[in-house]
Amino acid sequence: MSSAAVSDATAPAVVRPRKPRTATYVSLALLVALLVAWQVLPPVLEIPKYIIPTLSDCLAEFRRMWATEGLLMHTLSTALYAILGFAIGSALGAMLGYLLGMSEFWEKVLSPYILALQIAPKVAFAPLFIMWFGYNAMPKLLVTVLIVFFPVLVNVLQAMRTIDRDLVNLARAYNLSRWSIFLKVEMPSTLPNLMAGLRIASTLAVIGVTVGELVGGNTGLGFLISYGGGQANAAMVFDAIILLTVIGILLYFAIVRVETRLLHYLPRAQV
């Protein structure tokens, strides 16, 4: 047997590291401990149900709301307008970000007004929208669009400012049209920042629609929070908050899934 064969036979096998599951187990254990504490501590500490209901109280109220309060309809209404407001606000923010990034002149002209609108508290617009459009779905949709708009705009505009100018000049040297430069150079370069803005906006969309429903809605989970608070029904409020959180998490991970598919070519750090 040759020395090369002996060397191959005695070489240690390469062991591929397994993905650590410790964090997952600890996270699940923490969730179980939190649920147990939620069920046990309020009665032990003699906290009234209208202050902090137990887990079983919330589950019982959830079943009652599902049967008699139209919980499914309220949940679907909130989810629909969160998605719709997210889509419209993100599209407008990305469009304006790209347009301003292409024109330094218009960026300087419009930046003070955009900054002023960004600084203004978006929640304060909700009563104004109600006066303009009435007690319907339009105010909560507009508040959601406003809240979603700016994170996407800022991320896209910042990405347009930091594009490698050598790549743009090279594309111009090959006589590419302005539209071709955008599609082949600027758009791919700004995708990571755009997706980061969309991830932020996906969490804010639920906040926007909830604010609209709290201020002047008659449907949705925000309306149930307002109604439950007025009735001192803390279990209803807890259930609505949990459902809002679930909607936000689903929307966020949907964006993360799209980002993973679009940016599969980018190297990722190995932990």
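Observations on the structure shown:
- Top-ranked residue in the stretch 131-179 [being in contact (Cβ under 8 Å) with a residue 12 or more places away in the chain, more than 21 Å from His74 (Cα to Cα) and of a type in the set (S, T, N, Q); ranked as surrounded by the fewest Cβ atoms within 10 Å (Cβ to Cβ)]: Gln158
So that you can scan it fast, the table gives a plain yes or no per residue for (1) modelled with pLDDT of 90 or more; (2) touching a Leu at 6+ places or on another chain (Cβ under 7 Å); (3) surrounded by 19 or more Cβ atoms within 10 Å (Cβ to Cβ):
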{"residue": "Gly222", "(1), (2), (3)": "yes, yes, yes"}
{"residue": "Gly229", "(1), (2), (3)": "no, no, no"}
{"residue": "Phe238", "(1), (2), (3)": "yes, no, yes"}
{"residue": "Leu243", "(1), (2), (3)": "yes, yes, yes"}
{"residue": "Tyr252", "(1), (2), (3)": "yes, no, no"}
{"residue": "Val256", "(1), (2), (3)": "yes, no, no"}
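- One residue alone among Val32, Val36, Val15 is exposed (fewer than 11 other Cβ atoms within 10 Å of the Cβ) and either modelled with pLDDT of 90 or more or in contact with a Leu (Cβ under 9 Å, 6 or more places away or on another chain) (or both), and that residue is Val32.
- Helices (runs of 4 or more DSSP H) enclosed by the stretch 41-130 - at least 3 residues per element that are under 25 Å from the mean Cα position of the chain (by Cα): 71-102, 104-119
- Neighbours by Cβ (under 8 Å, 6+ apart or cross-chain): first from the stretch 182-209, part of a helix (DSSP H, G or I); second among the basic types (Lys, Arg) and open to solvent by less than 20 Å² (accessible area, probe 1.4 Å): Gly208/Lys140; Val209/Lys140
- Whenever a residue of the stretch 44-68 is free of Cβ contacts under 8 Å to residues at least 24 places away in the same chain, it has no partner that is open to solvent by less than 40 Å² (accessible area, probe 1.4 Å) and charged (D, E, K, R) lying with C-beta atoms less than 6 angstrom away and at least six residues away or across chains.
- Flag if Pro188 is under 30 Å from Glu104 (Cα atoms) and surrounded by fewer than 21 Cβ atoms within 10 Å (Cβ to Cβ): yes
- Those residues of the stretch 54-100 which are of a type in the set (D, E, K, R) and either open to solvent by 50 Å² or more (accessible area, probe 1.4 Å) or in contact with a Lys or Arg (Cβ under 7 Å, 6 or more places away or on another chain) (or both), in sequence order: Asp57, Arg63, Arg64, Glu69
The values are calculated or read from the model by the stated rules, or taken from the named source; none is laboratory data. All values reported here derive from a predicted model rather than from experimental measurement. Note that each Cβ is placed from the backbone with ideal geometry, even for glycine, and that neighbours are counted across all protein chains shown. Areas reflect the complete protein model, heavy atoms only, side chains present, ligands, DNA and RNA absent. Shrake-Rupley method; radii C 1.70, N 1.55, O 1.52, S 1.80 Å.
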